[in-house]
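Asks: The structure that follows is given in the form of C-alpha cells.
The values are calculated or read from the model by the stated rules, or taken from the named source; none is laboratory data. Predicted model, so just to flag it, every value in this text is computed and none were measured. Cβ sites come from the backbone with ideal geometry, for glycine too, and all protein chains shown count toward neighbours.
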Amino acid sequence: MMRTKIINLSVIFLFLLLGLGIFKLSVMQGGKFKELSNRNCIRLIPQPGARGRLLDRNQEVIVDNYLTYDVMILPQEKEQIDNVLSRVNEILGENPKELRDRFRRGYLAPFLPVCIKKNVDVKKAMALEELKTDLPNVIVQPCPLRKYPYGSLASHTLGYLSEIDSWRLSKLENYGYNSKDIVGFGGVEEKYDYFIRQEEGALSVEVDHKGKFVRVLGYKPPQNGRDVQLTLDLRIQKIAENSLSGRRGSVVVMDPNSGEILAMASFPTFNPAIFVNKTGPSIAKVFTDPNAPLLNRAISGVYSPGSVFKNVVASAGLETGKIKPSTSFFCSGSMFVGRRSFKCWNTHGQQDLNGALAHSCDIYFYRTGLAVGAQQLHDYAIKFGFGKNTGIDLPYELDGFVPSPLWRKLTKFANWYDGDTANFSIGQGDLTVTPLGVTRVMAAFANNGFLVNPYVVKNISGYDVSSYHKKAAKLAIKEGTLRAVNQGLRKAVSDPDGTANVLATLSVAVAGKTGTVQVDRKQPHGWFVGYFPYQAPKFVVCVFLEHGGSGFASTVLTKEIIEKMIQEGLI
C-alpha cells in the first residue's frame with residue numbers, strides 16, 4: 001500500500017516537473033523561441049544603392065553613376081535549374097556550359113540568389129522581366145556602377161573604387177562596413193567615403209526548413225549616397241592636365257586667399273573606370289608601372305625645392321636684420337665656403353635683394369644664409385609650413401622635411417658645416433617639400449602673410465562645409481618683408497634678364513620664382529611657382545616637372561596654362 005502511494009506520488013511529481021517545463025518553454029520563453037524560429041525561416045537579401053555623385057565648383061558632374069542589370073537565380077531543384085538556365089539563355093545568348101559553371105561557382109545556399117550574368121543591357125533586362133510570370137525565381141536586379149564622363153581627368157583627386165581590403169575592414173567594421181563592400185581608395189572617394197557611400201536596402205524572404213525560397217515578406221529600399229561638390233574648376237583642370245600631358249610632374253592651381261584647390265594635376269595618370277570594369281591586365285599594369293601612375297605627385301611626391309626656397313631665405317634675412325632690401329653682394333660666379341668652392345649658375349655682378357630674386361643669384365643667398373645661420377633658416381622654414389603637411393582633405397599627403405644641426409648630430413652623429421648651410425640656403429641638400437607645400441608658401445606672399453589650409457571639398461549634399469576647414473593663420477612676418485620679397489618676385493618676370501621673363505608678354509601681370517634642382521646622374525627637376533594678377537592675386541600656380549631639365553621648362557608650361565585661362569575668360 002505504502003509502495004503504491006510512493007509510486008503514485010513520484011509519477012505525479014514527474015508530471016508536475018514536465019508541466020512546469022512545458023509552461024516555461026511555451027509561456028515564459030515562448031517569445032524567445034518564436035524569435036529564433038522566425039530568424040531560422042527569414043533571410044535578408046541585400047539590395048544595392050548608388051554612391052553619391054562628385055561635382056565641380058560649377059555643378060558640372062565629374063563622377064556619376066549609370067544603371068546596369070545583374071541576372072540572378074534563386075536555386076531550386078536541379079531539373080528546374082536546367083530548365084530556367086535554358087530559358088534565360090535564349091535571351092542572354094551565352095555559352096550554356098559557361099552559364100551552368102557560373103551558377104555552380106556562385107551557389108552558396110538555397111535561399112541566396114546566384115548571379116549568372118552582370119552588366120546586362122536594358123533591352124535584355126526587360127525581356128527577362130517578361131519571363132517572371134513563368135519563372136518567378138529569376139531576378140533582374142538593378143546595379144548602379146561608377147561612370148567617369150571625363151575619363152582620367154582629376155583621377156588623383158577623385159580616387160577610385162575597389163573591394164574593401166583586410167586593413168581597411170579592421171578599422172571600419174565598427175562603422176557598418178562589411179567584407180566584399182566596395183569602398184574608395186585614394187582621393188575624395190576614400191577621404192569622404194562615409195558620406196558618399198550608399199546605404200543598402202534589403203529584400204526579406206521566407207524559406208522553408210530546407211532553406212528553399214517560399215515567398216517575399218518585405219522590401220526596404222536602398223538609400224543613395226550624398227553628392228559632394230568639389231572646389232575644382234573643370235575648365236582649369238582640363239587646361240592643367242592637357243598642358244602637363246606626357247611630362248612627369250604636377251600642376252596645382254589654388255585660390256591664395258581661401259585655400260580652395262581649383263586644379264590639381266599629376267602625370268602619369270590613370271583611368272578609374274578600369275576598376276569598375278575590372279579589366280585585369282589594365283589594373284595589373286597600373287600597379288606595376290615603374291612611373292607610378294597612382295601616385296599623386298602634388299601631395300605625395302617630396303622633392304628638394306631648389307631656388308623656390310629663396311623666398312623663405314630672403315624673409316629670414318630681412319626679419320633677423322641680417323640684410324636689408326638695399327643690401328648687395330658681388331657675384332663673380334663662385335665663392336669659397338671653407339675650402340670648397342660653391343658656384344652660381346651665372347656671373348651676376350653686384351646684386352641687391354630685388355636683383356638676386358629676379359636673377360636667382362646663388363651667391364647672394366649663400367651669403368644671406370650664412371649670415372642668418374642654419375638654425376634660424378630651419379625655424380623660418382618651419383614658420384612657412386615646411387616640414388609638415390598642409391592638412392588638405394585628401395589621404396596620403398606627405399610632410400616633407402627640414403634639416404637642422406641638431407637633427408644631423410642626433411641621427412647621423414655628424415657635425416653641421418657652413419657648406420651645409422650654403423646648400424640649405426638655395427633649397428638643396430636634405431630639405432624636401434611637396435608641390436602643394438610650395439604652393440601654400442607662395443600663397444602667403446600673395447595674400448599678405450596668411451598661411452592658408454588647402455581643401456578640395458566645398459559642399460556635401462547641399463550643405464556648405466567650407467567653413468569647417470581650418471582658417472588661415474597669420475604669419476608673424478612684417479609687411480615690409482613681404483613687400484620687399486614680392487617686388488623681387490615681380491622683377492623675376494618684368495626684368496629682361498629675369499629667370500621668369502618668358503611670362504612678361506602675358507596680358508596679366510605675374511610674379512613668381514623659378515627653381516632648378518640638381519639630381520645625381522639624372523636630369524634636374526624644374527619648378528615654377530607664382531601668383532597673378534600681381535596687384536590683386538586670385539590664383540597661385542605651381543608647376544613641377546620631375547627630371548624636366550630646368551625651371552625654364554616649368555615656366556614655359558606655366559605660360560601655356562595662363563594663356564589658355566585668359567583665352568577662356570577665366571582670369
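Asks: Within the group C344, C331, C361, which residue is under 21 Å from L489 (Cβ atoms) and surrounded by fewer than 22 Cβ atoms within 10 Å (Cβ to Cβ)?
Replies: C344
Asks: If I ask for residues that are in a loop (DSSP other than H, G, I, E, B) and surrounded by fewer than 24 Cβ atoms within 10 Å (Cβ to Cβ), which ones from segment 271-303 would you list?
Replies: If the condition is that a residue be in a loop (DSSP other than H, G, I, E, B) and surrounded by fewer than 24 Cβ atoms within 10 Å (Cβ to Cβ), then N271, K278, T279, D289, P290, N291, A292, P293, L294, L295, G301, V302 are the ones that fit.
Asks: Among the strands (runs of 3 or more DSSP E) confined wholly to segment 109-186, which include 3 or more residues that are in contact (Cβ under 8 Å) with a residue 40 or more places away in the chain?
Replies: It comes to 114-120, 138-147, 160-163.
Asks: Still on this structure, please answer the following. How many residues does segment 530-565 contain that are out of contact with any Pro (no Cβ under 8 Å at 6 or more places or on another chain) and either crowded, with 23+ Cβ neighbours inside 10 Å or among the hydrophobic types (A, V, I, L, M, F, W, C) (or both)?
Replies: Looking only at that region, the number is 17.
Asks: Let me ask you something else. Give the number of residues within segment 245-258 that are touching a helix residue (DSSP H, G or I) at 6+ places or on another chain (Cβ under 7 Å) and more than 17 Å from P454 (Cα to Cα).
Replies: Number of matching residues: 1.
Asks: With the structure loaded, tell me whether A374 is assigned by TED's automatic domain parsing to the domain that holds G259, surrounded by 22 or more Cβ atoms within 10 Å (Cβ to Cβ) and within 21 Å of K470 (Cα to Cα) or whether it fails that test.
Replies: It is false that A374 is assigned by TED's automatic domain parsing to the domain that holds G259, surrounded by 22 or more Cβ atoms within 10 Å (Cβ to Cβ) and within 21 Å of K470 (Cα to Cα).
Let's see how each residue does on (1) touching a Cys at 6+ places or on another chain (Cβ under 8 Å); (2) over 30 Å from E190 (Cβ atoms); (3) surrounded by fewer than 17 Cβ atoms within 10 Å (Cβ to Cβ):
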| residue | (1), (2), (3) |
| --- | --- |
| L74 | no, yes, no |
| Q80 | no, yes, yes |
| E98 | no, yes, yes |
| F103 | no, yes, no |
| V114 | no, yes, no |
| K124 | no, yes, no |
| P136 | no, yes, yes |
| P142 | no, no, yes |
| A154 | no, no, no |
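Asks: Taking the condition closer than 30 Å to I477 by Cα and either in contact with a Pro (Cβ under 8 Å, 6 or more places away or on another chain) or among the hydroxyl-bearing types (S, T, Y) (or both), does A298 pass?
Replies: Yes; evaluated as a whole, the condition is true for this residue.
Asks: Within segment 469-490, which residues are surrounded by 14 or more Cβ atoms within 10 Å (Cβ to Cβ), farther than 21 Å from G355 by Cα and modelled with pLDDT of 95 or more?
Replies: Of everything in segment 469-490, those that are surrounded by 14 or more Cβ atoms within 10 Å (Cβ to Cβ), farther than 21 Å from G355 by Cα and modelled with pLDDT of 95 or more turn out to be L475, I477.
Asks: What is the one condition in (1) out of contact with any strand residue (DSSP E or B) (no Cβ under 7 Å at 6 or more places or on another chain); (2) within 18 Å of A371 (Cα to Cα); (3) touching a residue at least 40 places away in the same chain (Cβ under 8 Å) that K310 does not satisfy?
Replies: Here K310 meets the rest and fails (1).
Asks: While we're here: Looking only at segment 407-464, filter to residues that are in a helix (DSSP H, G or I) and charged (D, E, K, R); which one of those is modelled with the lowest pLDDT?
Replies: Per the criteria, the residue is K412.
Asks: Identify all residues within segment 529-561 that are free of Cβ contacts under 8 Å to residues at least 60 places away in the same chain and assigned to a strand (DSSP E or B); write none if there are none.
Replies: Passing the criteria: only F532.
Asks: Also: Is at least one residue of segment 87-100 at positive phi and at pLDDT 75 or above?
Replies: yes
Asks: I would also like to ask the following. Out of (1) outside any strand (DSSP E or B); (2) within 28 Å of the chain's Cα centre (by Cα), the odd one out for A265 is which?
Replies: Status for A265: all satisfied but (1).
Asks: Looking only at segment 508-524, filter to residues that are out of contact with any Pro (no Cβ under 7 Å at 6 or more places or on another chain) and at pLDDT below 95; which one of those is surrounded by the most Cβ atoms within 10 Å (Cβ to Cβ)?
Replies: So the residue we want is P524.
Asks: Separate question: Taking segment 435-468 as the search range and keeping residues that are polar (S, T, N, Q) and surrounded by fewer than 24 Cβ atoms within 10 Å (Cβ to Cβ), which one is nearest to V252 (Cα to Cα)?
Replies: Selected residue: N453.
Asks: Scan segment 352-375 residue by residue and report those that are among the polar types (S, T, N, Q), under 13 Å from C331 (Cβ atoms) and assigned to a helix (DSSP H, G or I).
Replies: T368
Asks: Do we have any residue at all in segment 67-74 that's hydroxyl-bearing (S, T, Y), modelled with pLDDT under 80 and in the same structural domain as R197 (by TED's automatic domain parsing)?
Replies: The answer is no, given that none of the residues of segment 67-74 is hydroxyl-bearing (S, T, Y), modelled with pLDDT under 80 and in the same structural domain as R197 (by TED's automatic domain parsing).
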